[in-house]
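Q: Structure provided below as structure tokens; questions to follow.
FYI, it's all coordinate maths here, none of it is from the lab. What you see is a predicted model, and the numbers here were worked out from it, not measured in a lab. When we count neighbours, we look across all protein chains shown, and the Cβ atoms used for this are built from the backbone with ideal geometry, even at glycine.
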Amino acid sequence: MKLDNESIKSVKILGVKINKVDNKEAFDVFVELLKSDATSTIYTPNPEMVMMAQEDKELNDALFNGNLVVPDGIGLIFASNIYKLGLVERVTGFDLMENMLEYSNRRKLKVFLLGGKPKVAERAQKNINKTYKNLNIVGTHDGYFSEEEGYKVLDLINEKKPDILFVALGASKQEKWIEKNRKILDTSIAMGVGGCLDVWAGDVKRAPEVFIKMNLEWFYRFLKQPTRLIRLFAIPRFLFRVITNKEMMES
Ligand code: UDP
């Protein structure tokens, strides 16, 4: 099966493309994308990122060009339900990354971890290798580099030729970086993973299962990092926009 961007169904939420995939389908698309010669991109927007994309055309374009764009936020499912767009479940970047790591471990794929504060990616590597013992993590690099240093980072990645490059530079920066460099990058898949390396490094805890099941992961994150409060305001703003901008919702 050849996958182009038209063959995976998508919806638009406030004008931002999101693929209509559940967790299983997202994983199946990832496996298909691995077969392509060109670099494919995977993004995991939540309502906050959709709000950012309202004022940031470069981000919106990156998401539009993404080969797999999964709904990583319960707010997106709410919005879809209001207009019956057909998104069925939340697909978190963390879960998808975990499935990709498990698959890479089995299939002996090469993985590169880019992003986070110095040493975060190395600590994430150690912990990932505790779970996935045979996983070949071919390189790591922190996410704080100048534009000039960025060329060296690209060289480092391309020397290692990973099958999968996980990029944790924070929402919007990582998507724009991937989109800008996708033609230069020698990797099958480049995926924006936000705070996932911090979780793997053990610096940030993922919410307990009960919070995840009740769709309250965002609330748990707020309890742990109250400085995120300002970011939480994006959610009511998002819902208000959704309710008042029917024309920006497409199934
Ligand atoms: N980060 C980075 N370089 C930057 C900005 C952020 O490597 O220039 C990293 C940061 O250290 C963290 C990750 O990006 O590990 C995600 O940041 P944040 O918690 O803001 O995630 P978001 O939810 O915005 O994706």
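Q: Which residue, Ala124, Ala79, Ala207, has the most motion in a Gaussian network model of the chain that connects Cα atoms within less than 10 Å?
A: It is Ala207.
Q: With bins 10 Å wide starting at 0, give me the P(r) of the range 172-218 over every alpha carbon pair, in whole percents.
A: 23, 33, 29, 15, 0
Q: Separate question: Given a Förster radius of 25 Å and the C-beta distance between Thr227 and Glu98 as r, what FRET efficiency does 1/(1 + (r/R0)^6) yield to the nearest 0.05? Before the final figure, lay out the partial values.
A: Numbers: r = 27 Å, r/R0 = 1.06.
For R0 = 25 Å, the calculated efficiency reads 0.40.
Q: Let me ask you something else. Under a crude label model (7 Å from the Cα following the beta-carbon direction), how far is Glu149 from Glu55 in nanometres?
A: 2.8
Q: For the range 46-101, what does the equivalent ellipsoid look like in terms of its semi-axes, each the square root of 5 times an eigenvalue of the Cα gyration tensor, given largest first in whole Å? List each step's numbers first, then the result.
A: On the way: eigenvalues 68, 59, 19 Å².
Its equivalent ellipsoid spans semi-axes of 19, 17, 10 Å.
Q: A follow-up question, please. State, in angstrom, two size descriptors of the range 66-208 derived from its alpha carbons: Rg to one decimal place and Dmax to the nearest whole number.
A: Looking at the range 66-208, its Cα Rg and Dmax stand at 15.6, 47 Å.
Q: Please compute the modelled spin-label separation between Val88 and Val204, points set 7 Å along Cα→Cβ, answer in nm with one decimal.
A: Between Val204 and Val88, the label points sit 2.9 nm apart.
Q: What value, in deg cm²/dmol to 500, does the helix sum -39500 (n - 2.57) over DSSP H runs of n ≥ 4 give at 222 nm once divided by the residues of the chain?
A: Values: 13 runs with 122 residues, N = 251.
Taken over the chain, the calculation gives -14000 deg cm²/dmol.
Q: In whole Hz and in residue order, list the ³J(HN,Hα) couplings for the range 64-73 that follow from phi through the Karplus curve 6.51 cos²θ - 1.76 cosθ + 1.60, θ = phi - 60°; x for Gly and Pro.
A: 4, 7, x, 7, 9, 10, 9, x, 9, x
Q: Report, in whole Å, the centroid distance computed from the Cα atoms of the range 187-231 and the range 117-180.
A: One Cα centre to the other: 18 Å.
Q: Compute from the Cα atoms of the chain the Rg and the Dmax, the latter being the longest Cα-Cα distance, and quote both in angstrom.
A: Using the Cα atoms of the chain, the pair Rg, Dmax is 17.3, 50 Å.
Q: Ok, one more. Near the amide H of Val16, under 5 Å away, which other amide H atoms are found, from residues 5 or more places off or on another chain, if H is placed in the peptide plane?
A: Close amide H contacts, sequence-distant or interchain: none at all.
Q: For the range 109-162, run through the trypsin sites (Lys or Arg not before Pro) and keep only the ones in DSSP coil with at most 14 other Cβ atoms within 10 Å of their Cβ.
A: Details: sites: Lys110, Lys119, Arg123, Lys126, Lys130, Lys133, Lys152, Lys160; in loops: Lys119, Lys133.
Of the trypsin sites (Lys or Arg not before Pro), the ones in loops of the range 109-162 whose Cβ has at most 14 other Cβ atoms within 10 Å are Lys119, Lys133.
Q: Can you bin the range 1-87 into rounded, prolate or oblate? Criterion: square roots of the alpha carbon gyration tensor eigenvalues sorted a ≥ b ≥ c, rounded for a/c under 1.5, prolate for a/b above b/c, oblate for the rest. Don't jump to the answer; show the numbers that get you there.
A: Numbers: a/c = 2.14, a/b = 1.38, b/c = 1.56.
Oblate, since a/c reaches 1.5 and b/c is not below a/b.
Q: At 7 Å along Cα-to-Cβ for each site, give me the label-to-label distance between Ala38 and Phe211 in nm.
A: 3.9
Q: Treating the range 140-224 as a set of equal point scatterers at the Cα positions, no solvent, please give the Debye-formula log₁₀ I(q)/I(0) at q = 0.17, 0.21, 0.23 Å⁻¹.
A: The calculated log intensity ratios at q = 0.17, 0.21, 0.23 Å⁻¹ are -0.77, -0.99, -1.11.
Q: If the chain between Lys126 and Lys24 were fully stretched, how many nm would it gain, using 0.36 nm times the residue separation less the Cα-Cα distance? Mind showing how you got there, number by number?
A: On the way: separation 102, 0.36 × 102 = 36.72 nm, distance 2.74 nm.
Full-extension gain reported as 34.0 nm.
Q: What is the Cα centroid distance between the range 15-29 and the range 58-111, reported in whole angstrom?
A: 6
Q: My understanding is that a pair violates if its Cα-Cα distance is over 19 Å; which of Lys12/Lys84; Lys17/Lys57; Lys173/Lys224; Lys9/Lys84 do that in this structure?
A: Details: Lys12/Lys84 12 Å; Lys17/Lys57 13 Å; Lys173/Lys224 24 Å; Lys9/Lys84 15 Å.
Flagged as over cut-off: Lys173/Lys224.
Q: Per residue of the range 30-47, in order, report the coupling 6.51 cos²θ - 1.76 cosθ + 1.60 (Karplus, θ = phi - 60°) as ³J(HN,Hα) in whole Hz, putting x for Gly and Pro.
A: With coefficients 6.51, -1.76 and 1.60, one gets 4, 4, 5, 4, 4, 7, 6, 6, 6, 6, 9, 10, 10, 10, 9, x, 10, x Hz.
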